[in-house]
Amino acid sequence: MNNMEDILWNYIDGNCTAEEQKTISNLIAGDEAYRLKYHELMKLNNEFAAMELDEPSMAFTYNVMEVIRTENVHVPLKATINKRIILGITIFFILTLVALLVVVFANFNWAGQKAPVNLSLGFTMPDINFSKARPLLEGFLFFDVVLGLYLFDTWLRRKKLVKQA
Amino acid sequence: MQSKLSDIELIQQTLAGDQGAYADLVKRHQRFVFTLAMRFAKVREDAEEIAQDCFIKAFRSLASFQGQAKFTTWLYSIVYTTSMTFLRKKRVATDSIDDENTFIQVEETASAYDINNAENRSRSFYLNQAIEQLLPDDAAIITLFYKGEQSLEEIAVALGMEANTIKVKLFRARQRLKEKLERNLKHEARELI
């Protein structure tokens, strides 16, 4: 890039060192060809700088904000849930599970005989007859399996959607 | 009426939950973003779709804006990548993005466009017409340099190129624009005679 136009564009854009700038200024002042070219490029430069920007439609900002608002309507449902509520629910289920395990182990007949367990908590565990509750247990397990499969399917579908996006 | 707050202040307000601040940011930059999108898409409807997409993407990733570069430089880089993706999808670009033949059709259409109104055309009309005939990259660099208040280094960041490459491209783009402008004006003079 060392022809006259490149040198002059560099000068016009202000990409020259102070020394180069001085040399080019002298060239413009003393050389007719440089002077004419400089004026031609300056005219072009002014025209380029005066180019007009295009105007989008009147509803442009509204359309953008509408999309953002619609997106945000969905987000808070997920994002604004109080984490303490989640923690509370988790603790409740953990306590329930622990209590259930305690009841089960307390009533389990390890040697084929009933082994009363004294938890030294001032109460005796209730005597639950599991043979009578068998259909209930089976129903409960069946429900758990169906629920588990449903949740697994939902998770897989969501994963697939994320991958497609 | 547009907000007098700086871009950074408006971004901070947006991040604090004020969507109105983001609307001000959109209003402030929509004309330039739209113009830049027009340089790539050439069609108003497509350019509007690209520009809208850019502002939505910018909103989603606003929290990741570090503030090290100007907001506009960051925004224009989104415009560039979105436009390039759009062009790829439309199968206009990829291999032929640097192929001038791709735009011969556009050039011919533009030259023949609205001949009867020649006397009403201003020099700025011819300039816009000549810019439309440039390659998307050239048109974008010229627009960013003259209207986007971006330095060569900032344009390089926005377009993901070296500053020296941008400098060379700017020289060439100006040269091409000058040629096209002269050609269009000569063509128009012939039409008037």
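The values are calculated or read from the model by the stated rules, or taken from the named source; none is laboratory data. What you are looking at is a predicted structure, and each value in this text was computed from that prediction instead of being measured. Every residue, glycine as well, gets a Cβ built from its backbone with ideal geometry; the counts of neighbours run over all protein chains shown. In case anyone asks, the SASA skips ligands and DNA or RNA and just uses the protein heavy atoms, side chains included. Shrake-Rupley method; radii C 1.70, N 1.55, O 1.52, S 1.80 Å.
Checking the stated criteria, B:S61 turns out to be farther than 21 Å from B:V168 by Cα, among the hydroxyl-bearing types (S, T, Y) and either modelled with pLDDT of 85 or more or open to solvent by less than 20 Å² (accessible area, probe 1.4 Å) (or both). Among the criteria (1) under 21 Å from B:T14 (Cβ atoms); (2) assigned to a helix (DSSP H, G or I), the one B:G67 does not fulfil is (2). Residues that are under 27 Å from B:K27 (Cβ atoms), at pLDDT 90 or above, more than 9 Å from chain B (Cβ to nearest Cβ) and part of a helix (DSSP H, G or I) within the range A:31-80 comprise just one, A:E66.
Regarding B:Q52, is this residue in a helix (DSSP H, G or I) and open to solvent by 30 Å² or more (accessible area, probe 1.4 Å)? Give the steps one after another, and end with the answer.
On the way: in a helix (DSSP H, G or I): yes; open to solvent by 30 Å² or more (accessible area, probe 1.4 Å): yes.
Yes: the conditions hold for B:Q52.
Do you know which of the residues in the range A:1-30 that are acidic (D, E) and open to solvent by 40 Å² or more (accessible area, probe 1.4 Å) is farthest from the other protein chains (Cβ to nearest Cβ)?
Let us first name the residues in the range A:1-30 that are acidic (D, E), namely A:5-6, A:13, A:19-20.
Okay, now just the ones that are also open to solvent by 40 Å² or more (accessible area, probe 1.4 Å), so A:19-20.
Details: A:E19: 19, A:E20: 15 Å.
So the residue we want is A:E19.
Do you know which residues across the range B:160-181 are open to solvent by less than 50 Å² (accessible area, probe 1.4 Å) and either touching an Asp or Glu at 6+ places or on another chain (Cβ under 7 Å) or in contact (Cβ under 8 Å) with a residue 24 or more places away in the chain (or both)? Selection gives B:A163, B:I166, B:K169, B:L170, B:F171, B:A173, B:R174, B:L177, B:K180, B:L181. Residues in the range A:131-165 that are among the polar types (S, T, N, Q) and more than 28 Å from A:V104 (Cα to Cα): A:T154, A:Q164. Scanning the range A:152-162 for residues that are open to solvent by 100 Å² or more (accessible area, probe 1.4 Å) and of a type outside the set (D, E, K, R) yields A:F152, A:W155, A:L161, A:V162. For the range B:47-62, filtered to residues that are farther than 13 Å from A:F60 by Cα and charged (D, E, K, R), the residue that is nearest to the other protein chains (Cβ to nearest Cβ) is B:R60.
Taking the range B:34-43 only, how many residues are over 25 Å from B:I11 (Cβ atoms) and either open to solvent by less than 10 Å² (accessible area, probe 1.4 Å) or more than 8 Å from chain A (Cβ to nearest Cβ) (or both)? Break it down into steps so the answer makes sense when it comes.
Of all residues in the range B:34-43, those over 25 Å from B:I11 (Cβ atoms) come to B:38-43.
Cutting the leftovers down to either open to solvent by less than 10 Å² (accessible area, probe 1.4 Å) or more than 8 Å from chain A (Cβ to nearest Cβ) (or both) gives us B:39-43.
Matching residues across the range B:34-43 total 5.
Listed by first and then second residue, the pairs linking a residue in the range B:15-33 that is facing another protein chain (nearest Cβ under 10 Å) and part of a helix (DSSP H, G or I) to a residue that is aliphatic (A, V, I, L, M) and open to solvent by 20 Å² or more (accessible area, probe 1.4 Å), with Cβ atoms under 8 Å apart and 6 or more places separating them unless they lie on different chains, are B:D24/B:L5; B:R31/A:L53; B:F32/A:L53.
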